[in-house]
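This report refers to the structure that appears directly beneath it.
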Amino acid sequence: MAIGSLAIGLGCLLWPEPGPPKAASVATPRPPAPEPTATWQAPAEQAIPPGPAGERVRYGRELVTRTAFYLGPRGRVATLTNGMNCQNCHLAAGTQFWGNNFAAVAPTYPKFRPRSGTVEDIYKRINDCVQRSLNGQPLARQSPEMEALAAYINWVGQAVPKGEKPPGSGIYQLPYLDRPADPGRGQVAYAQHCARCHQTNGQGQPTPDGHGYTYPPLWGPNSYNTAAGLYRLAHFAGYIKMNMPQGATWQSPLLTDEEAWDLAAYVNSRPRPQRHFAADWPDVAQKPVDHPFGPFTDGFSEAQHKYGPFGPIEAARQKP
């Protein structure tokens, strides 16, 4: 799910479903991310309690890992989403360190979010992912599926103290480049690291049963839309750096920072569903430096807000 977020090897970029591993790309290991130790660990699936509450958590985990089976174009429960699974963006069912995990959701929600200009609860956050990363229609707030997803996400972050965001949660913030990210360079890197799983045309590999993808589409009609969090380059580049291609880990990345930024630029330059939410960013000045759509109050172009360099934008905003 893209609670948020969305999955995240650029040998298999948005995140393969479990299956036989493919050989990792041949690449020189890069320096690890500046995070000395993992300070958060998700609870084990075996620790889900028995009884009705535990069954709700288990169903939520099942919905995260097999979203398309229940809610996709041929969904058993409803036909609401694009055929991707939440796990394609939230790796290891939302439990992977720096894999867009759910660690910080339970301790920080409800919270005010500038994108909506409102205090959001977990149900709003889930539906944001359904509508943006899964390019779908919202779940009813009182539906069994919404309740199960909320129960599972809360269970994943249950041990995190209220108000805290532990290191390794969400998406890693990659240092900005001093140049624009380059889709042309990214296309070369994509051919080297990504096309073998996500295909040259970026459409991924559907599962044999037609429910979801072994390797999901990175662009095209069945991918995340232009309102998704991963359509922001800083989000996507950090996600790529920590998790892609296959064989990479946050301790031992396989891509340089430049490769991650350029790959993000290439993927997000490709066609995908266009979606606009009129209520987004009611305070225009609060738009992130990498939000790719105007209007802006800082005088920088839409192209620079999409591809960078982002440092000058941030520096200008910090001036008194």
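Computed from the coordinates by the stated procedures, all read-outs in this text should not be read as laboratory data. This is a predicted model, so every value here is computed, not measured. Counting neighbours? That spans all protein chains shown, and the Cβs are built from the backbone with ideal geometry, glycine included.
Values as computed for the structure displayed
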{"read-out": "For the range 197-258, diffusion coefficient by Stokes-Einstein and Kirkwood Rh (Cα), 10 °C, 1.306 mPa s, µm²/s", "value": "123 µm²/s"}
{"read-out": "5 Å-binned pair-distance histogram of the range 78-227 (Cα, whole percent)", "value": "2, 8, 13, 18, 20, 16, 11, 8, 2, 0"}
{"read-out": "In nm, spacing of pseudo-spin labels at LYS111 and SER143 (7 Å Cα→C-beta vector)", "value": "2.6 nm"}
{"read-out": "Shape category assigned to the range 84-145 from the gyration tensor of Cα positions, a/c cut at 1.5", "value": "oblate"}
{"read-out": "The chain: calculated mean residue ellipticity at 222 nm from DSSP helix runs of at least 4, using -39500 (n - 2.57)", "value": "-9000 deg cm²/dmol"}
{"read-out": "Principal axes of the range 271-320: Cα extent on each, largest first, Å", "value": "36, 24, 13"}
{"read-out": "Ranking of ILE153, ILE48, ILE122 by count of other Cβ atoms within 10 Å, fewest first", "value": "ILE48, ILE122, ILE153"}
{"read-out": "Sparse-neighbour loop sites [trypsin sites (Lys or Arg not before Pro); the range 106-165; at most 10 other C-beta within 10 Å; DSSP]", "value": "LYS162"}
{"read-out": "Kirkwood hydrodynamic radius of the chain, from inverse mean 1/r over distinct Cα pairs, in Å", "value": "19.6 Å"}
{"read-out": "Under 5 Å, built H, 5+ apart or other chain: amide partners of THR118", "value": "ARG113"}
{"read-out": "Proxy reagent accessibility, fewest Cβ within 10 Å first, across SER143, SER301", "value": "SER301, SER143"}
